[in-house]
Amino acid sequence: MGKSKGNLVIAIDGPSGAGKSTVARILAERLGYIYVDTGALYRTVALKANRASLDLGDEKALESLCRSIEIDFRPDPKGIRVLCDGEEVTDEIRKPSMSLLASAVSRVPAVRKALLGLQREFGKKGGVVLEGRDIGTVVFPEADLKFFLEADPRIRGERRYEELKAKGEKVDLGETIREVERRDTSDRTRSLAPLKKAGDAVLIDTTHLGVDEVVAKIVQFCRPKLRNCGP
Ligand code: DC
């Protein structure tokens with residue numbers, strides 16, 4: 001990891017499978033920035049709510065759950081590890097069963113409110129790449145740079161399928177594509193902070209682009225801002 005270049009806040013939003021996580025992680029690494037995977041926060045709340053058999057309609061219980069748990073990110077050669085109350089939950093929160101549950105939990109206003117403060121805390125000093133659904137629209141509307149990654153839904157489903165298969169999950173391609181589409185609909189149609197491109201975000205269609213090409217495009221947009229940050 002190089003010396004941190006400037007103190008920018010960089011927002012990367014988009015639907016599942018558009019390539020946000022990989023791109024955001026590599027970009028943060030290149031700039032010497034902190035990488036914040038905000039989806040991991042919703043996934044961790046979903047995991048905890050599931051373990052406690054909480055009713056997703058019980059907003060009060062979900063709110064107090066959010067306020068009582070401590071979520072931490074630890075850099076690791078294999079990526080970022082996620083800890084909740086000291087327990088490593090990185091792999092568990094990535095299971096397919098947690099994806100739709102995280103999306104359902106993210107529709108609950110009290111959960112969004114509780115996690116908003118946490119996300120702003122992570123980004124307040126700058127030098128950070130935050131990845132999610134509403135970073136450029138709600139969490140950091142004043143971000144220095146905003147990108148919105150999109151891709152054909154079938155390609156996104158295939159990427160997600162390959163990712164899960166590589167982790168040893170037993171998955172079906174058709175089911176994975178349907179899950180990605182269901183989650184998209186849920187994330188795009190919720191009333192609070194829906195998934196949508198900020199007016200001033202740069203749209204990048206990753207359907208026919210490799211990770212390196214997407215990172216290169218983003219770096220091009222970052223250069224002028226980084227130059228203004230001094231040596
Ligand atoms: O990025 P992900 O697939 O890990 O996110 C899981 C869910 O969390 C996603 O379907 C919607 C929710 N989410 C959100 O509402 N806002 C964010 N900034 C990030 C994720």
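Can you give the % of DSSP beta bridges in the chain that are antiparallel, to the nearest 5? Display every interim value, and only then the final one.
Working: 8 of 25 bridges.
Of those bridges, close to 30 percent are antiparallel.
Note on E63 and A216: the extension gain reaches 51.1 nm, defined as 0.36 nm multiplied by sequence separation minus the Cα-Cα distance. Classify segment 1-108 as rounded, prolate or oblate from the Cα gyration tensor: take a ≥ b ≥ c as the square roots of its eigenvalues, call it rounded if a/c is under 1.5, otherwise prolate when a/b beats b/c and oblate if not. Here segment 1-108 falls in the prolate category. Taking amide H atoms as placed 1.01 Å from N in the peptide plane, the amide H of L8 lies under 5 Å from those of G127, V128, each 5 or more residues away in sequence or on another chain. Sequence-ordered 3J(HN,Hα) estimates for segment 146-160 from the Karplus curve with 6.51, -1.76 and 1.60 and θ = phi - 60° stand at 10, 10, 10, 9, 10, 6, 3, x, 5, 4, 5, x, 5, 5, 5 Hz, glycine and proline given as x. For segment 111-162, the alpha carbon convex hull comes to 112 Å³ per residue, rounded to a whole number. Helix 96-105 and the longest principal axis of the C-alpha atoms of the chain enclose an angle of approximately 90°. A full extension of the chain between D172 and R223 corresponds to an added length of 14.2 nm, given 0.36 nm per residue minus the alpha carbon distance.
Among the GluC sites (Glu not before Pro) in segment 142-231, which ones are in a DSSP loop with at most 15 other Cβ atoms within 10 Å of the Cβ? Mind listing them?
Working: sites: E142, E150, E158, E162, E163, E169, E175, E179, E181, E213; in loops: E142, E169.
Passing both the DSSP loop test and the Cβ count: E142, E169.
Using Cα-Cα distances under 8 Å and only pairs 6 or more residues apart, what relative contact order does the chain have, in percent? Provide the component values of the computation, followed by the final result.
On the way: 367 pairs, mean separation 75.3, N = 231.
Reported as a whole number, the value is 33 percent.
Among the trypsin sites (Lys or Arg not before Pro) found in segment 1-90, those both in a DSSP coil and sparsely packed, with 16 or fewer other Cβ atoms within 10 Å of their Cβ, are K3, K78.
Could you let me know the centre-to-centre spacing of segment 63-119 and segment 2-39, using Cα atoms, in angstrom? A separation of 18 Å, based on Cα centres.
Quick check: from the Cα gyration tensor, does segment 53-107 come out rounded (a/c under 1.5), prolate or oblate? Numbers along the way, then the final one.
On the way: a/c = 2.88, a/b = 1.58, b/c = 1.82.
Oblate is the answer for segment 53-107, as a/c is 1.5 or above yet b/c matches or exceeds a/b.
Once the chain from R120 to N50 is taken as fully extended at 0.36 nm per residue, the excess over their C-alpha distance is 22.6 nm. In degrees between 0 and 90, to the nearest 10, how far off the longest principal axis of the chain does helix 173-189 point, with axes built from Cα atoms? Result, in degrees: 80. Straight Cα distances below 28 angstrom link K225 to the lysines K3, K5, K20, K124, K125, K146, K196, K197, K217, with same-chain residues fewer than 8 positions distant left out.
Scattering from the chain was approximated by placing one identical point on each alpha carbon and applying the Debye formula without solvent; log10 I(q)/I(0) at 0.12, 0.16 1/Å stands at -0.64, -1.18. With an a/c value under 1.5 for the gyration tensor axes a ≥ b ≥ c computed over the alpha-carbon atoms, segment 46-154 is described as rounded.
With a simple spin-label model that places each label point 7 Å from the Cα along the Cα-to-Cβ direction, the separation between T189 and D91 comes to 3.6 nm. Enter the angle in degrees (range 0 to 90, nearest 10) between the Cα long axis of helix 109-123 and the first principal axis of the Cα atoms of the chain, meaning the one along which they spread out most. Around 30 degrees separate the two axes. Stokes-Einstein diffusion of segment 140-221 at 10 °C, 1.306 mPa s viscosity, Kirkwood radius from Cα pairs, rounded to a whole number: 110 µm²/s. Placing +1 on each Lys and Arg Cβ and -1 on each Asp and Glu Cβ, with no other charges, gives segment 182-230 a dipole about its Cα centre of roughly 220 debye.
Here, each number is a calculation from the coordinates, and none is a lab measurement. None of these values were measured; they are calculated from a predicted model. All Cβ positions, even for glycine, are placed from backbone atoms using ideal geometry, and neighbour counts span all protein chains on display.
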